[in-house]
1. Before we move on, is residue 134 surrounded by fewer than 22 Cβ atoms within 10 Å (Cβ to Cβ), over 21 Å from the mean Cα position of the chain (by Cα), farther than 30 Å from residue 350 by Cβ and within 14 Å of the ligand (Cβ to nearest atom)?
2. Report, by residue number, each residue of the range 195-219 that is in contact (Cβ under 8 Å) with a residue 40 or more places away in the chain and under 22 Å from the mean Cα position of the chain (by Cα).
3. Filter the range 308-328 down to the residues that are within 14 Å of the ligand (Cβ to nearest atom) and not in a helix (DSSP H, G or I) and list them by number.
4. Looking for something away from the ligand (no atom under 15 Å from the Cβ) and in contact (Cβ under 8 Å) with a residue 24 or more places away in the chain - is there at least one such residue anywhere in the range 105-114?
5. Consider residue 3 against the criteria (1) in contact (Cβ under 8 Å) with a residue 24 or more places away in the chain; (2) within 16 Å of the ligand (Cβ to nearest atom); (3) over 15 Å from residue 336 (Cα atoms); (4) in contact with a helix residue (DSSP H, G or I) (Cβ under 8 Å, 6 or more places away or on another chain): it satisfies all of them except one. Which criterion is unmet?
6. Out of curiosity, is residue 145 away from the ligand (no atom under 16 Å from the Cβ), within 28 Å of residue 301 (Cβ to Cβ) and under 18 Å from the mean Cα position of the chain (by Cα)?
7. Could you tell me whether residue 58 is in a strand (DSSP E or B), out of contact with any helix residue (DSSP H, G or I) (no Cβ under 7 Å at 6 or more places or on another chain) and more than 11 Å from the ligand (Cβ to nearest atom)?
Ligand SMILES: Cc1cc2nc3c(=O)[nH]c(=O)nc-3n(C[C@H](O)[C@H](O)[C@H](O)COP(=O)(O)O)c2cc1C
């Protein structure tokens with residue numbers, strides 16, 4: 001229905017307008033119980049083999065909504081009823097922002113990808129934390145926080161800015177993601193410098209406060225192996241509970257979309273199929289470096305159960321989607337979950353964890369045979 005009826009209409013509109021319309025509609029429907037129940041009946045998929053307990057939280061399935069879709073925490077009830085296992089709201093910043101001027105989002109259908117430079121538009125941590133407090137959902141809700149988009153906020157002020165958002169959400173979020181990888185701000189990804197990241201994690205005093213929710217760090221897909229390894233070493237010297245891999249890309253290599261269209265779009269973060277393999281590679285590196293001891297949320301180009309399984313095999317415990325929702329519509333959540341459940345059944349596995357265990361055993365066996 002989405003691909004036949006809704007998408008053709010939405011794709012006639014500019015990506016910015018279609019996005020605003022979708023947010024407005026979803027926000028509206030999130031307040032209507034009857035609609036929520038109907039959506040739950042149509043879209044939910046339940047299978048106990050998909051559930052996991054991570055950090056003491058119950059994830060009914062591994063498919064979450066990636067940050068950036070519900071920036072202001074206005075759509076989470078609908079997302080729960082569309083079958084997501086968890087939702088990550090934000091990015092939230094200390095000071096509200098309208099983001100970058102439009103146009104700021106673009107479709108690349110030939111690549112099943114998007115480019116966006118929204119620039120951290122959101123209602124601000126104070127307002128969003130109030131909304132979050134009122135929510136009563138049966139799925140975990142993470143909050144993704146970032147530095148306010150303003151190049152005048154740097155140095156110690158940038159640390160204070162992060163701290164403000166952190167303090168506002170730390171008692172209500174099920175987990176917090178530190179977004180250090182937004183490619184769409186004038187000041188750039190300053191926190192992807194190991195020393196600066198270390199100062200940030202020191203400021204948040206993760207080691208001292210045992211009552212904090214799990215704190216994760218979200219990396220860019222563009223990190224090279226050495227820089228990624230340095231950043232993980234910094235995180236591992238603080239009480240980081242896991243990683244979100246990955247954010248969008250500034251690269252434009254190997255796209256099917258014409259170079260003239262790409263250059264007319266200009267800067268922004270590339271998401272979707274175009275970043276799928278690189279993001280899986282980053283997950284593999286994080287898993288190796290942390291010896292599989294930390295939770296990884298895998299995100300980047302997932303549009304099927306097998307895409308999710310590839311990320312799980314590489315080291316992810318949970319996955320998230322954004323771009324494939326735009327191309328495939330809301331039924332994608334159910335489809336991905338059902339395909340993972342079918343995979344478990346066919347391979348005689350009892351749970352998500354066994355997918356990776358089986359894959360690593362097969363790898364060891366094949367190395368032994370060779
Ligand atoms: C329009 C748009 C806005 C986004 N906004 C955010 C954001 O505010 N914070 C964040 O951490 N990631 C943001 N992301 C990145 C996604 O959370 C995700 O990491 C990325 O899109 C890769 O997943 P996908 O290929 O399934 O889209 C955004 C992505 C898109 C497409």
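1. Working: surrounded by fewer than 22 Cβ atoms within 10 Å (Cβ to Cβ): yes; over 21 Å from the mean Cα position of the chain (by Cα): yes; farther than 30 Å from residue 350 by Cβ: yes; within 14 Å of the ligand (Cβ to nearest atom): no.
For residue 134, the condition - surrounded by fewer than 22 Cβ atoms within 10 Å (Cβ to Cβ), over 21 Å from the mean Cα position of the chain (by Cα), farther than 30 Å from residue 350 by Cβ and within 14 Å of the ligand (Cβ to nearest atom) - is not met.
2. 200, 204, 212, 213, 214, 215, 216, 217, 218, 219, listed by residue number.
3. Start the filter on the range 308-328 by keeping residues that are within 14 Å of the ligand (Cβ to nearest atom), which leaves 308, 310-311, 316, 318-328.
Within the range 308-328, 316, 318, 319, 320, 321, 322 meet the criteria.
4. Of the range 105-114, the ones away from the ligand (no atom under 15 Å from the Cβ) are 110.
Then drop every residue that is not in contact (Cβ under 8 Å) with a residue 24 or more places away in the chain, which leaves 110.
Yes, the range 105-114 contains at least one residue that is away from the ligand (no atom under 15 Å from the Cβ) and in contact (Cβ under 8 Å) with a residue 24 or more places away in the chain.
5. (2)
6. Details: away from the ligand (no atom under 16 Å from the Cβ): no; within 28 Å of residue 301 (Cβ to Cβ): yes; under 18 Å from the mean Cα position of the chain (by Cα): yes.
The answer is no for residue 145.
7. Values: in a strand (DSSP E or B): yes; out of contact with any helix residue (DSSP H, G or I) (no Cβ under 7 Å at 6 or more places or on another chain): yes; more than 11 Å from the ligand (Cβ to nearest atom): yes.
The answer is yes for residue 58.
To keep it simple, each residue is scored yes or no on (1) within 26 Å of residue 46 (Cβ to Cβ); (2) in contact with a strand residue (DSSP E or B) (Cβ under 9 Å, 6 or more places away or on another chain); (3) buried (at least 18 other Cβ atoms within 10 Å of the Cβ).
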residue	(1), (2), (3)
292	no, no, no
297	yes, yes, yes
306	yes, no, no
313	yes, no, yes
316	yes, yes, yes
338	yes, no, no
358	yes, no, no
368	no, no, no
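Read-outs throughout are calculated quantities, based only on the coordinates presented, and are distinct from any laboratory measurement. Note that this is a predicted model, so its numbers are computed, not measured. Glycine also receives a Cβ, built like all others from the backbone with ideal geometry; neighbour counts cover every protein chain displayed.
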